1. Looking at residue 114 and the list (1) open to solvent by 50 Å² or more (accessible area, probe 1.4 Å); (2) polar (S, T, N, Q); (3) in contact (Cβ under 8 Å) with a residue 60 or more places away in the chain, which single condition is not satisfied?
2. Looking for something open to solvent by less than 40 Å² (accessible area, probe 1.4 Å) and assigned to a helix (DSSP H, G or I) - is there at least one such residue anywhere in the range 126-135?
3. So is residue 4 over 26 Å from residue 131 (Cβ atoms), at pLDDT 90 or above and either open to solvent by 70 Å² or more (accessible area, probe 1.4 Å) or within 15 Å of the chain's Cα centre (by Cα) (or both) or not?
4. Residue check: is residue 148 open to solvent by 60 Å² or more (accessible area, probe 1.4 Å), assigned to a helix (DSSP H, G or I) and out of contact with any Ser or Thr (no Cβ under 8 Å at 6 or more places or on another chain)?
5. Mind telling me which of the residues 82, 126 ends up being over 11 Å from the mean Cα position of the chain (by Cα), among the small types (Gly, Ala, Ser) and under 21 Å from residue 35 (Cβ atoms)?
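The values are calculated or read from the model by the stated rules, or taken from the named source; none is laboratory data. Since this is a predicted model, take the numbers as computed values, not measurements. Because the Cβ atoms are built from the backbone with ideal geometry, glycine has one as well, and the counts that use them run over all protein chains shown. Protein only, heavy atoms only, side chains kept; ligands, DNA and RNA dropped before computing areas. Shrake-Rupley method; radii C 1.70, N 1.55, O 1.52, S 1.80 Å.
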Amino acid sequence: MNTIALGWNRTLLELKQYAREKESVFFSFLFPILMLVLFATIFAGTIDGAGVNMSAAHWFLPGMISAGVLLTSFQTMAMSVAVERDDGTLKRLRSTPLPPVSFFLGKVGLVAITSIAQVAVLLAVARWAYDVPMPTGTRWLTFAWVFTLGVVAGVVLGLAYSS
């Protein structure tokens with residue numbers, strides 16, 4: 001198998017391991033979603049920010065998306081690599097035929113999939129539960145490249161922090 005295929009297999013394994021860690025799923029995946037629901041419900045009504053009237057959900061959505069990206073990229077990467085280094089997983093990995101690049105592709109795949117899923121849930125909750133208007137036209141492209149930049153930066157910083 002090539003490096004990319006091994007990385008995909010490792011991504012699937014990482015997703016299974018992540019789903020089994022209830023605390024990690026709650027604090028990195030569900031926490032921003034719950035905070036959006038909480039803030040949008042508590043501060044129901046309109047917020048006058050810089051002369052623009054908008055709903056509380058509309059006001060808090062960008063912050064919850066950025067918090068979600070930070071939690072799913074930086075925190076997940078930093079914690080998992082540090083734990084695997086401490087418990088000897090990274091040392092044992094050297095004795096397997098899995099290339100280190102495939103191992104880290106699996107980590108990046110986990111972060112990318114969980115980040116995309118989390119943003120999709122946040123946007124769906126904001127749109128359907130709180131009637132937040134979604135971006136139109138080229139604003140989706142801007143959203144996509146800023147989101148990608150945030151995920152990449154979080155992964156790199158998480159790896160750096162884990163050392």
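1. With (1) open to solvent by 50 Å² or more (accessible area, probe 1.4 Å); (2) polar (S, T, N, Q); (3) in contact (Cβ under 8 Å) with a residue 60 or more places away in the chain applied to residue 114, the lone miss is (1).
2. Checked the range 126-135: at least one residue is open to solvent by less than 40 Å² (accessible area, probe 1.4 Å) and assigned to a helix (DSSP H, G or I).
3. Judged against the criteria, residue 4 is a match.
4. So residue 148 passes the test.
5. Going through 82, 126 in turn, the sole match is 126.
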